[in-house]
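Pasting a structure below so you can have a look.
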Amino acid sequence: MLARQVLVVVPLAAVLAGCGSGGGSLSPEAERGRQVYIAQCTSCHATDPAQIGPLGPPLRGSSRELLEARILRGAYPSGYTPKRPSAIMQPMPQLAGSLDDLTAFLR
């Protein structure tokens, strides 16, 4: 029984540890952003932010302006052309304090 649990936990830990880091170490700000991303974004976006998610587009390289508009208001910045014309994403104003960290992680 213990062996089965180890087999399940180890691959999951490996995926979460390496997700989006590009193999290098992250700055403290980017690491906080990675943790927020894993906890809040991966239900719709891929664990690797450069990949297409089950519901959301890739987020790698997203500007702070785009993240702020989408996360805080559920809108797009003026003049921005969305990758997908959907209105699925709901505002998540509780993440306002994590925008800089998310931006650092998604660079």
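Just give me the residues in segment 61-107 being in contact (Cβ under 8 Å) with a residue 40 or more places away in the chain, open to solvent by 80 Å² or more (accessible area, probe 1.4 Å) and within 14 Å of Cys41 (Cβ to Cβ), in sequence order.
Answer for segment 61-107, where residues must be in contact (Cβ under 8 Å) with a residue 40 or more places away in the chain, open to solvent by 80 Å² or more (accessible area, probe 1.4 Å) and within 14 Å of Cys41 (Cβ to Cβ): just Ile88.
Count, please, the residues in segment 24-43 that happen to be at pLDDT below 95 and closer than 12 Å to Ile71 by Cβ.
Of the residues in that region, 0 qualify.
Restricting attention to segment 82-97, does a residue exist that is β-branched (Val, Ile, Thr) and under 20 Å from Pro28 (Cβ atoms)?
no
The values are calculated or read from the model by the stated rules, or taken from the named source; none is laboratory data. As the structure is a prediction and not an experimental result, all values here were calculated from the model. Note: ideal-geometry Cβ built from the backbone for every residue, glycine included; neighbour counts use all protein chains shown. Please note that ligands, DNA and RNA were not included when accessible areas were found on the heavy atoms of the full protein model with its side chains. Shrake-Rupley method; radii C 1.70, N 1.55, O 1.52, S 1.80 Å.
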